[in-house]
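Heads up, the thing below is written out as structure tokens.
The values are calculated or read from the model by the stated rules, or taken from the named source; none is laboratory data. Only a predicted model underlies this, so the values are computations on that prediction, with no experimental measurement involved. Glycine also receives a Cβ, built like all others from the backbone with ideal geometry; neighbour counts cover every protein chain displayed. Quick note on the areas: whole protein, heavy atoms, side chains included, nothing else; ligands and nucleic acids left out. Shrake-Rupley method; radii C 1.70, N 1.55, O 1.52, S 1.80 Å.
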Amino acid sequence: MIPEIGHLALILALVMAGLLVFFGLLGAWLEKVTWLAVVPFAVAGQWIFVATGFGCLTYAFVVHDFSVAYVADNSNLQLPLLYRIAGVWGAHEGSLLLWILILATWTLAVSRLSGGLPDRFRARVLGVLGLIGFSFLSFLLSTSSPFLRRVPVPDGADLNPLLQDPALAIHPPMLYAGYVGTSVAFAFAVAAMLEGRLDASWARWTRPWTTIAWVFLTCGIALGSWWAYYVLGWGGWWFWDAVENASFMPWLASTALIHSLAVTEKRGLFKSWTLLLAVSAFSLSLLGTFLVRSGVVVSVHAFASDPSRGIFILALLGFFILGSLLLYAWRAPTLGSEGGFALVSRESFLLMNNALLLASAGVVLLGTLMPMFMDAFSLGKISVGPPFYNVAFLVPTLPLILLVGVGMHASWKQAHLQRVGMRLAVFFAVAAVLSVAALAVAYGSFSVMTLLGCALGLFIVVSSLSVPWKKIRHRETLSRSVLGMCIAHMGLGIFALGVTVAQSYKIEKDISLAPGESYLLAGYRFSFESLHDVTGANWDGVEAKMVISAADRRVAVLYPQKRVYRVQRNPMTQAGISVGPTRDLFVALGEQLGEERWSMRLQYKPFIRFIWIGALAMAIGGLISVTDRRYRRPAAKNPGLPGGLGVAHDN
Amino acid sequence: MTPRRKRLMLVVGILLGVSLATLFATRALRENLSYFYDPTQVAQGEAPRGRSIRVGGMVTKGSVKRESGSLEVKFDVTDFRHTVTVSYRGVLPDLFREGQGIIAHGQLASDRVFVADEVLAKHDEKYMPPEVKQSLKKPMNEGATP
């Protein structure tokens with residue numbers, strides 16, 4: 001009964017989304033005030049019905065309703081409650097439902113928290129969001145309903161063991177919140193184009209939404225990387241896997257968008273560029289969804305695929321990209337930018353930031369789509385490995401990092417860098433000298449690239465800290481958005497430091513070890529003391545006791561496990577990791593090599609935590625900046641021209 | 001300089017930068033592509049030596065051989081027409097087992113022996129790498145030489 005209610009609720013949600021599109025977009029077009037009054041109800045209705053559907057599926061998981069095919073395929077009587085709930089989004093159908101729930105939640109949030117927006121404009125934004133909701137709900141209902149029944153089985157096939165992990169339980173919702181959040185900026189952009197008006201207050205409304213979506217995306221990607229580090233990757237933190245790339249490209253585009261929006265808000269420039277970025281960020285999110293769901297890419301994330309789904313998403317992708325680009329071609333020329341800026345100014349720096357970010361997104365896109373194109377045109381089956389990205393991605397990224405450190409100090413319109421130039425040069429020199437000293441003392445030797453990475457990372461950290469420091473010393477007010485920017489940029493510096501040191505000085509070694517033996521790696525003695533059996537809720541396994549010591553002092557005791565999940569019979573490696581501020585020590589148990597010997601992978605990962613700490617700092621910076629006062633002040637309603645066409649002037 | 005001129009310079013600069021980046025990217029791409037070959041192609045000598053390539057197929061039942069206690073492992077990969085022996089030193093992925101589809105990355109040492117530096121087995125047991133699936137679907141007589 002409950003699954004049928006869930007299915008019905010989703011159908012009603014589809015109806016609500018349809019009403020939202022109709023009354024929102026058409027009502028705004030025909031200027032029918034009474035029609036616009038329906039919009040908030042349709043938004044609330046859509047959310048309630050989607051949430052009901054989601055609740056019904058969760059209920060089916062919790063009570064082990066194995067007559068529902070999706071539950072039977074992804075759950076099990078022995079599966080702990082946490083993973084039964086996370087199992088809801090453990091495969092295609094449920095994760096799509098989660099996607100829709102998050103979209104409905106964003107739509108509700110926009111409807112509730114945008115009191116300052118003009119009614120027509122808000123109706124258009126919500127109408128566009130409704131259109132996305134409508135498309136995805138019809139996709140879900142027509143090709144991938146999670147509520148299909150099947151002859152009940154006594155026990156389910158269990159959730160993929162790799163997904164049975166706390167980080168992975170929250171990784172998809174986090175990532176989706178970011179992914180789907182790009183649709184809000186997209187809806188704002190489309191509404192502005194429909195309206196034919198884009199001014200500073202538009203940018204001010206759009207910025208917090210974009211930044212929050214970006215914060216979620218940042219956290220989601222970082223969580224995924226962390227999970228891959230200890231579960232999937234045997235110690236790697238990023239694989240340039242097609243699906244990782246699919247989440248990384250919208251991140252790069254959103255980052256560019258955040259910066260371009262700043263210019264649009266403060267200076268009324270880059271308007272059409274900002275619109276294009278908003279469209280690109282959303283298109284890349286849709287492309288990501290397509291890549292993950294259609295099975296066209298070879299990836300650990302790829303689900304067993306169904307061609308009809310791929311075609312449906314491809315059609316959606318085409319519709320939204322083509323539609324918004326056509327609208328853009330038609331309307332963007334009317335949204336001229338006014339005012340100019342000097343060659344050396346914050347505008348220029350932000351423009352370069354955008355160009356470089358898009359270049360890096362282009363590199364990732366090229367590497368991700370290349371194998372598909374080559375295959376489609378029968379030019380051979382290729383794969384593009386990490387070496388490509390490691391080289392090609394650095395080309396735009398290194399100048400970008402340098403420019404971040406400089407650009408923060410440039411003022412709008414016309415900057416006189418001579419004044420700050422001296423100080424920046426000193427910062428850079430200090431960063432370089434510190435890096436040389438630290439690397440020489442800690443690791444003995446270094447390459448040019450390592451030095452460059454460290455120096456640039458430190459440079460941004462120092463440069464970011466100097467902004468609030470100067471303000472505090474001169475007793476100037478430090479706005480939250482400036483503070484947030486500095487923390488986020490500092491995070492980038494920390495991240496760059498982490499990546500550089502971790503990649504340059506990591507040591508990995510596969511060895512064969514028997515109990516009682518030990519192995520010396522990076523000055524640490526890894527002693528294999530014993531091996532015993534362990535049992536979990538739905539798995540059995542063995543656990544090794546590894547004692548790690550340095551200079552005869554015990555540093556850590558690790559218990560790496562090899563689990564076998566009872567239902568799917570898949571072995572799973574649970575690494576033992578000793579976490580430290582300056583290094584991680586990592587032991588993963590391989591397989592029994594005969595007699596008592598086991599294969600093991602030992603790793604020494606210096607400063608790898610900086611990678612995630614840096615990402616976290618970026619996210620925190622983003623959060624702080626959206627609490628800035630000017631976003632909370634209800635935006636003054638601009639006296640719009642009757643036809644809605646025209647360019648409003650700010651300041 | 002007029003503002004127009006300045007903006008033009010900026011745009012030209014950015015275009016230059018972007019084209020330079022594209023140049024680097026395409027060069028890096030050409031050097032780092034690795035092609036996929038199935039065991040039949042390897043047996044017929046279509047796969048290059050001394051270059052990183054990928055070879056994939058099913059792990060032949062009963063072919064996994066290892067000296068007791070050694071990290072060195074050898075196994076056969078087949079598309080049911082031809083077989084390639086893969087030699088690998090290191091920890092195998094969790095889902096590696098006989099009868100499972102895998103992809104190995106490495107270099108050809110001879111017509112029959114492939115030295116892998118990485119072995120990939122996918123994480124969903126229902127999931128088969130598309131390359132392997134397609135090569136298994138080829139009709140038995142195609143390209144098969146006795």
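Accessible surface ranking for A:D165, B:D76, 1.4 angstrom probe, highest first: B:D76, A:D165. Accessible surface calculations at 1.4 Å, restricted to protein heavy atoms, place the protein assembly as shown at 41 Å² per residue. Please name whichever of A:F610, A:I548, A:W469 sits farthest to the positive end of the charge dipole of the protein assembly as shown, dipole taken about the Cα centre and charges placed at Cβ: Lys and Arg +1, Asp and Glu -1. The residue sitting most towards the positive pole is A:W469. Applying a threshold of 26 Å to the alpha-carbon distances of A:K509/B:K61; A:K562/B:K65; A:K470/A:K506; A:K381/A:K562 flags A:K509/B:K61; A:K470/A:K506; A:K381/A:K562 as lying beyond it.
Excluding A:V547 itself, what net charge comes from residues whose Cβ is under 10 Å from its Cβ, given Lys and Arg +1 and Asp and Glu -1? Value of the local net charge: +2.
Using a loss threshold of 20 Å², tell me which positions in the range B:82-110 are less accessible in the complex than in their chain alone. Probe radius 1.4 Å, ligands and nucleic acids ignored. In the range B:82-110, residues shielded by partner chains: B:V91, B:L92, B:D94, B:L95, B:R97. Its relative contact order, with pairs defined as Cα atoms under 8 Å and 6+ residues apart, puts chain A at 13 percent. Considering only A:T58, A:L8, A:G94, and ranking their Cα positions along the charge dipole of the range A:1-164 that arises from unit charges at the beta-carbon of Lys, Arg, Asp and Glu, the one farthest toward the positive end is A:L8.
Pulled fully out, how much extra length does the chain show between A:I11 and A:T582, if you take 0.36 nm times their separation in residues and subtract their Cα-Cα distance?
200.2 nm
In percent, what relative contact order does the range A:507-606 have, based on Cα pairs under 8 Å that are 6 or more apart in sequence?
Rounded, it is 26 percent for the range A:507-606.
Figure legend: label point modelled 7 angstrom from the Cα of A:L343 along Cα→Cβ; residues of the range B:2-37 with amide N under 18 Å from it are B:2-18.
If you take all other residues with their beta carbon under 9 Å from the beta carbon of A:E591, and give Lys and Arg +1 and Asp and Glu -1, the sum is 0. Burial here means at least 20 square angstrom less accessible surface with every protein chain in place than with the chain by itself, probed at 1.4 Å; in the range A:572-593 the buried residues are A:E591, A:L593. Counted residue by residue at 0.36 nm each, then reduced by the alpha carbon distance between them, the extension gain from B:E67 to B:F80 reaches 2.1 nm.
What number comes out for the charge environment of A:I611, summing +1 per Lys or Arg and -1 per Asp or Glu over other residues with Cβ under 15 Å away?
Overall, the nearby charge balance is +2.
A simple charge model with +1 on the Cβ of Lys and Arg, -1 on the Cβ of Asp and Glu and nothing else charged puts the dipole of the range A:507-606 at about 300 debye relative to its Cα centre. The accessible area of A:V215, taken with all protein chains in place and a 1.4 Å probe, comes to roughly 10 Å². Remark: the Cα gyration tensor places chain A in the oblate category, a/c being 1.5 or greater and a/b not exceeding b/c.
Kindly identify residues of the range A:382-421 having a loss of at least 30 Å² in accessible area between the isolated chain and the assembly of all protein chains, probe radius 1.4 Å. At a threshold of 30 Å² (probe 1.4 Å), the residues of the range A:382-421 that become less exposed are A:I382, A:S383, A:F388, A:V395.
Taking the Cα centre of chain A as reference, the dipole from Cβ charges on Lys and Arg (+1) and Asp and Glu (-1) amounts to some 2320 debye. The contact between chain B and chain A removes approximately 3900 Å² from the accessible area (both sides summed; 1.4 Å probe; ligands, DNA and RNA excluded).
Using a probe radius of 1.4 angstrom, the carbon and sulfur fraction of the accessible surface of chain A is 68%. To the nearest Å, what is the center-to-center distance of the range A:568-588 and the range A:112-191, using C-alpha atoms only? Each part's Cα centre sits 33 Å from the other's.
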